[in-house]
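The values are calculated or read from the model by the stated rules, or taken from the named source; none is laboratory data. Because the structure is predicted, anything quoted here is derived from the model rather than measured. When we count neighbours, we look across all protein chains shown, and the Cβ atoms used for this are built from the backbone with ideal geometry, even at glycine.
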Amino acid sequence: MEIKAVKFRKDGFYTQPFVFGGEEGMEKFDKTIRYRGSLQNYLIDTGDEVILVDTGLPAGTPEEVPDENSILYTGKDISSYMEALANLGYKPEQVSKILLTHKHSDHSGELKSFPNAQIFVNEEEVTADELQGISNLVPVSFTDGAYYNFPESQKITEGIYLIKAKGHTNGNSIVIVENDGLFYMLHGDITYVDEALYENKLSVVYDDLAAARETLDRVREFVRQNPTVYCGTHTPQGYENLEAKRVMDLENPVPIVLAEVDFTEQKASGRYVCSICGYVYDPAEHDGVAFEELPDDWCCPRCKQPKDKFNKA
């Protein structure tokens with residue numbers, strides 16, 4: 001069995017208030033501390049089948065233009081998700097299953113490119129806007145009982161489990177792969193960066209704060225009790241951990257390497273993109289109303305995040 005990272009954005013950042021401030025408030029943390037960011041999802045090649053964990057941003061999603069006030073930045077394009085998959089040597093028709101961690105479009109963006117794959121998704125997510133018009137969804141109700149300290153799970157195939165992990169979204173899930181004595185935890189946004197797992201902090205993005213706290217507690221307990229390679233979506237630490245087969249040790253954090261940020265002025269298009277779910281606000285589609293003219297309490301129509309989660313595109 002092989003697990004590979006499908007890398008499609010690099011050189012992003014996530015500020016400390018964004019990744020630590022979910023419970024204590026963003027004002028408690030230093031906005032000048034920027035942790036390294038990227039975007040990648042994962043592929044599991046069992047030898048018998050190819051299974052994807054999430055499917056990247058939709059093709060054509062514009063890059064963001066961050067500035068000193070941006071609280072997060074998803075990074076520069078390496079390629080589209082589908083190009084990244086091809087660069088690993090795989091074709092869409094080889095994919096038999098897709099395990100969706102949650103609805104946000106940096107995880108679900110290319111689902112429609114795999115019409116022949118079974119798409120396993122928490123049954124609570126199937127009505128999400130991002131998943132409409134997709135006929136090959138397999139709603140998961142987690143009927144296989146507990147998996148270690150997680151109360152609800154679904155066995156997908158030998159050694160691969162989908163774990164109910166509500167909080168970031170109401171249908172959030174984790175994938176755990178057992179291979180050669182290690183547990184590979186392939187997750188969406190339990191944390192955005194590994195520093196938050198070490199420091200036991202929640203990000204500011206969640207549907208259910210209490211559930212997010214419970215999930216993080218269970219993840220930390222699992223990591224303490226089992227040799228776990230922690231593979232996230234939004235930080236290069238995810239694929240670095242994978243490539244090194246690095247087992248997470250909460251008592252001995254990996255040394256922090258902060259993001260190197262270049263705020264050289266780039267030409268903006270007038271559009272803005274939500275860094276959480278990828279929604280693009282285009283004034284041309286809103287009677288010419290500029291993003292800056294929207295009221296302060298305006299929220300993303302897709303993921304309900306406030307204006308400060310948007311960057312220029």
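State yes or no: is residue 79 over 21 Å from residue 304 (Cα atoms), surrounded by fewer than 18 Cβ atoms within 10 Å (Cβ to Cβ) and either of a type in the set (Ser, Thr, Tyr) or not assigned by TED's automatic domain parsing to the domain that holds residue 16 (or both)? I'd like the intermediate steps shown before the answer.
Numbers: over 21 Å from residue 304 (Cα atoms): yes; surrounded by fewer than 18 Cβ atoms within 10 Å (Cβ to Cβ): yes; either of a type in the set (Ser, Thr, Tyr) or not assigned by TED's automatic domain parsing to the domain that holds residue 16 (or both): yes.
The answer is yes for residue 79.
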Open item on the list: Can you list residue pairs whose Cβ atoms sit under 7 Å apart, with the first residue in region 132-154 being assigned by TED's automatic domain parsing to the domain that holds residue 183 and the second being exposed (fewer than 15 other Cβ atoms within 10 Å of the Cβ) and among the hydroxyl-bearing types (Ser, Thr, Tyr)? Count only pairs 6 or more apart in sequence or on different chains.
Closed with: 154/143
Open item on the list: The conditions are (1) modelled with pLDDT of 90 or more; (2) exposed (fewer than 11 other Cβ atoms within 10 Å of the Cβ), and residue 264 fails exactly one of them. Which is it?
Closed with: (1)
Task: Members of region 274-313 that are over 29 Å from residue 101 (Cβ atoms) and either assigned by TED's automatic domain parsing to the domain that holds residue 63 or of a type in the set (Ser, Thr, Tyr) (or both) - done: none
Open item on the list: Considering only residues that are over 30 Å from residue 55 (Cα atoms) and in contact with a strand residue (DSSP E or B) (Cβ under 8 Å, 6 or more places away or on another chain), which ones fall in region 278-293?
Closed with: none
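Taking the residues in region 267-310 that are of a type in the set (S, T, N, Q) and modelled with pLDDT under 90 as candidates, determine which candidate is farthest from residue 189 (Cα to Cα). Give the derivation first.
Filtering region 267-310 down to residues of a type in the set (S, T, N, Q) leaves 269, 275, 305.
If we keep only those that are modelled with pLDDT under 90 too, we end up with 269, 275.
On the way: 269: 29, 275: 13 Å.
Looking at the filtered set, the residue picked out is 269.
Take residue 99 and tell me if it is of a type outside the set (Phe, Trp, Tyr), crowded, with 18+ Cβ neighbours inside 10 Å, under 26 Å from residue 280 (Cβ atoms) and modelled with pLDDT of 95 or more.
Numbers: of a type outside the set (Phe, Trp, Tyr): yes; crowded, with 18+ Cβ neighbours inside 10 Å: yes; under 26 Å from residue 280 (Cβ atoms): no; modelled with pLDDT of 95 or more: yes.
Considered against the rule, which asks whether it is of a type outside the set (Phe, Trp, Tyr), crowded, with 18+ Cβ neighbours inside 10 Å, under 26 Å from residue 280 (Cβ atoms) and modelled with pLDDT of 95 or more, residue 99 comes out as no.
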Open item on the list: So, residue 178, is that one of a type outside the set (Val, Ile, Thr), in the same structural domain as residue 52 (by TED's automatic domain parsing), surrounded by fewer than 23 Cβ atoms within 10 Å (Cβ to Cβ) and touching a residue at least 40 places away in the same chain (Cβ under 8 Å) or not?
Closed with: no
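Identify, please: which residue in region 118-153 is small (Gly, Ala, Ser) and surrounded by 18 or more Cβ atoms within 10 Å (Cβ to Cβ) and is, among those, farthest from residue 214 (Cα to Cα)?
128
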Open item on the list: Looking at residue 183 and the list (1) under 28 Å from residue 223 (Cβ atoms); (2) free of Cβ contacts under 8 Å to residues at least 40 places away in the same chain; (3) buried (at least 16 other Cβ atoms within 10 Å of the Cβ), which single condition is not satisfied?
Closed with: (2)
TODO: Show the residue pairs that are 6+ apart or on different chains and have beta-carbon atoms under 6 Å apart, the first residue being within region 193-208 and more than 18 Å from residue 253 (Cβ to Cβ), the second being of a type in the set (Ser, Thr, Tyr).
DONE: 207/169
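With the structure loaded, tell me whether residue 110 is closer than 23 Å to residue 8 by Cβ, crowded, with 18+ Cβ neighbours inside 10 Å and at pLDDT below 95 or whether it fails that test.
Numbers: closer than 23 Å to residue 8 by Cβ: yes; crowded, with 18+ Cβ neighbours inside 10 Å: yes; at pLDDT below 95: no.
No; evaluated as a whole, the condition is false for this residue.
Checking the condition surrounded by 16 or more Cβ atoms within 10 Å (Cβ to Cβ), in a loop (DSSP other than H, G, I, E, B) and of a type in the set (A, V, I, L, M), which residue from 57, 43, 39 passes?
Numbers: 43 fails: in a loop (DSSP other than H, G, I, E, B); 39 fails: in a loop (DSSP other than H, G, I, E, B).
Result: 57 is the single residue among 57, 43, 39 that is surrounded by 16 or more Cβ atoms within 10 Å (Cβ to Cβ), in a loop (DSSP other than H, G, I, E, B) and of a type in the set (A, V, I, L, M).
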TODO: Give region 86-116 a look and list any residue that's outside any strand (DSSP E or B) and either within 17 Å of residue 175 (Cβ to Cβ) or among the aromatic types (Phe, Trp, Tyr) (or both), or say none.
DONE: 90, 100, 101, 102, 103, 104, 106, 107, 108, 111, 114
- [ ] Scan region 254-306 residue by residue and report those that are more than 20 Å from the chain's Cα centre (by Cα) and of a type in the set (Lys, Arg).
- [x] 267, 271
Open item on the list: Just to be sure I understand the filter: pairs with C-beta atoms under 7 Å, separated by 6 or more residues or on different chains, first member in region 229-241 and more than 14 Å from residue 54 (Cα to Cα), second member modelled with pLDDT of 95 or more and assigned to a helix (DSSP H, G or I). Which pairs pass?
Closed with: 229/241; 229/242; 230/194; 230/197; 230/223; 230/241; 235/194; 237/194
- [ ] Could you tell me whether region 244-258 includes any residue that is of a type in the set (D, E, K, R), surrounded by fewer than 21 Cβ atoms within 10 Å (Cβ to Cβ) and touching a residue at least 60 places away in the same chain (Cβ under 8 Å)?
- [x] yes
